[in-house]
Amino acid sequence: MNSLAQLFLAVFAAAGMPVHGALSPETVAQYSAADRTQWLIAGAKKEGKLVIYTSAQSEDLGPVVQAFEKKYGIKVSVWRSGSENVLQRVLAEARGKRFTVDVVETNGPELEALHREKLLVKVKSPYFADLIPEAIRPHREWVGTRLNVFVQAYNSRLVSKADLPKTWEELADPKWKGKLGIEAEDMDWLAGVLAEVGESQGTETFKRIVAANGMSVRKGHTLLAQLVASGEVPLALTVYNYKAEQLKAKGAPIDWFVIGTAIARPNGIGMARHAPNPHAAALFYDFELSEEGQRLLAARDFLPTNRKVGTPFSGIPLRFVDAGVTLDEGMKWTALYDYLFVQGRGR
């Protein structure tokens, strides 16, 4: 431990206070001396536990959690639900002054909302230097750990690779009638696509597609991918690439492709401002961003944000959805998405 750290800790010890327990989550999160990892480990072992709220599937985040527990001997409790439920639980607990969660691991827009509610804390992780620029928010109160990439998926028994559309306009061809599906709430995908092709042109294109061939609207990306694999939805517009890859690896007749530019949304991690186990929280934060943690995510077919880990998207252009813009313009894009796809008024 360097002299600065020794002096820093001696002040608390001299005051008769528990060295690690006396520190605020903000102080712990921003500790950046050379011995950061060892210092966090010592504090985390005294805390002995970590609480994570996440929207990630258990089989996806599970390997990261298990590796962390094995490496550091810290018991992790995970509560999982949809991203909106994760957000609402954190907000409700904060309003009740009941601070249970240490780490929030979920979608970018929900993390951005927690930042705006001042419920996250800035973390000075040494792994920021390894990340793609799009993963790092200016305020650094949450950071992207992986990308959810919206791709188009098809049932390889029902749709020939040679017949796959190369443009959105081609989906208005009558041969796709009754064969198309989309997830019920992908308004951030729509915002990204229309930013790429033009709002007016893109809106008219999707109106023609729905009017000509209809659109099966399903709630949940996992469900939509499964319906593609089963053949109920031969071609889906908004499937997460990792879910298609996971099903394909299990032998399901599903594959994915990209029309134009793939739309990517960073999902990530934030440390709670009132984390009861701040050393364990910061330690897990660093672990998930490290090459070790990122490779575990990549093994589940996620697109990691650490540049040291290879991805299947080299050569495929990506357009990133900004979580702040998604929040600010959410009503607009939700209404347009509902108009085009959900209520079918665009038909």
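Coordinate-derived values only; no laboratory data. Here the structure is a predicted model, which means the values were calculated and not measured. Cβ sites come from the backbone with ideal geometry, for glycine too, and all protein chains shown count toward neighbours.
At a glance:
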| read-out | value |
| --- | --- |
| Placed amide H near Arg273: partners under 5 Å, 5+ positions off or other chain | Leu120, Val121 |
| Gaussian network model of the chain, springs between alpha carbon atoms under 10 Å - residue of Leu247, Leu120, Leu87 with greatest fluctuation | Leu247 |
| Prolate/oblate/rounded call for region 111-198, Cα gyration tensor, a/c under 1.5 rounded | prolate |
| Nearby lysines by direct alpha-carbon distance to Lys243 (threshold 21 angstrom, same-chain neighbours under 8 apart not counted) | Lys161, Lys179, Lys219 |
| Exposure proxy order (Cβ contacts within 10 Å, fewest to most) of Trp333, Trp39 | Trp333, Trp39 |
| Cβ-based exposure ranking for Tyr285, Tyr339, in which fewest neighbours within 10 Å come first | Tyr339, Tyr285 |
| Pairs of lysines in region 19-152 (C-alpha under 12 Å apart; 8 or more residues apart or interchain) | 4 |
| Note, ³J(HN,Hα) from phi for region 162-169, Karplus 6.51, -1.76, 1.60, rounded to Hz, x at Gly and Pro | 5, 8, 4, x, 9, 9, 5, 4 |
| Charge tally in the Cβ shell below 15 Å around Ala162, where Lys, Arg are +1 and Asp, Glu are -1, Ala162 excluded | 0 |
| Anisotropy class of region 44-100 from Cα gyration tensor, a/c 1.5 cut | oblate |
| Theoretical ellipticity at 222 nm over the chain - DSSP helices of four or more residues, -39500 (n - 2.57) apiece, nearest 500 | -12500 deg cm²/dmol |
| Residue-wise HN-Hα coupling along region 112-124, computed from phi with Karplus coefficients 6.51, -1.76, 1.60 (Hz; x: Gly, Pro) | 5, 5, 5, 4, 5, 8, 6, 10, 10, 10, 5, 10, 9 |
| Amide H within-cut-off set for Ile254, under 5 Å, with H built and near neighbours excluded | Ser156 |
| Sorted by Cβ neighbour density within 10 Å, fewest at the top, the residues Lys175, Lys49, Lys207 | Lys175, Lys49, Lys207 |
| Alpha carbon centroid spacing (whole Å) that separates region 177-252 from region 323-340 | 17 Å |
| Counted charge near Ala184, where neighbours are those whose Cβ lies closer than 14 Å (Asp, Glu -1; Lys, Arg +1) | -4 |
| Relative contact order %, region 77-196, counting alpha carbon pairs below 8 Å whose residues are six or more apart | 15 percent |
| From phi via Karplus (6.51, -1.76, 1.60), per-residue ³J(HN,Hα) for region 219-229 in Hz, x at Gly/Pro | 8, x, 6, 5, 4, 4, 4, 5, 5, 5, 5 |
| Residue of Ser77, Ser125, Ser200 that the Gaussian network model of the chain assigns the largest fluctuation, springs spanning Cα pairs under 10 Å | Ser200 |
| Alpha carbon centroid spacing (whole Å) that separates region 274-303 from region 86-132 | 14 Å |
| Structure-derived semi-axes √(5λ) of the Cα gyration tensor in Å: which label, when the choices are (1) 27, 24, 21; (2) 42, 20, 17; (3) 38, 20, 19 | (2) |
| Shape of region 180-283, Cα gyration tensor, a/c cut at 1.5 | oblate |
| Relative contact order of region 228-318, defined on C-alpha pairs under 8 angstrom at six or more residues apart (%) | 28 percent |
| For region 142-166 and region 20-50, distance of Cα centres in Å | 41 Å |
| The chain - share of DSSP beta bridges that are antiparallel (%, nearest 5) | 60 percent |
